[in-house]
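Structure first, commentary second.
Bear in mind that the values in this text are calculations on the coordinates, not laboratory data. Since the model is a prediction, treat every value here as computed from it, not as a measurement. Using ideal geometry, Cβ is built from the backbone for each residue, glycine included, and neighbour counts are taken over all protein chains shown.
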Amino acid sequence: MSPDPATGRSTAAISLFGIDEAHVGLQVLDATPSSSNVSGAELRSIVVDLVDGGVHEIRQKLPPIKAYRDGVGYAWEEAPYPRVWLLPVQFHWHE
């Protein structure tokens, strides 16, 4: 992650997963110079429309999702010990 010279913000994609035939989910970490490490970075979730190219930010806070299928998000957590969470997730965004 190298920072944008204009804003000082670094963005890294951490997750890419299919939602349905027409949408892909993307999660990115936004770090600023004030965040000393990745744990202080802001996680954003985005839906990309594969038909019209639209990009929609998801307003609800989600954990890092590694996979998604049939309404279930699979999230990975490292601390306090490694485990996989199965989370019921429904994606909503405003057009």
Computed E for V51/W85 - FRET, C-beta separation, R0 35 angstrom, nearest 0.05
0.70
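Pop the C-beta distance of V72 and D4 into the FRET formula with R0 = 41 Å and round what comes out to the nearest 0.05. Walk me through the intermediate numbers first.
Values: r = 35 Å, r/R0 = 0.85.
Once the sixth-power term is evaluated, E becomes 0.75.
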In cubic angstrom per residue, the convex hull of the range 38-86 built on its Cα atoms measures 105 Å³
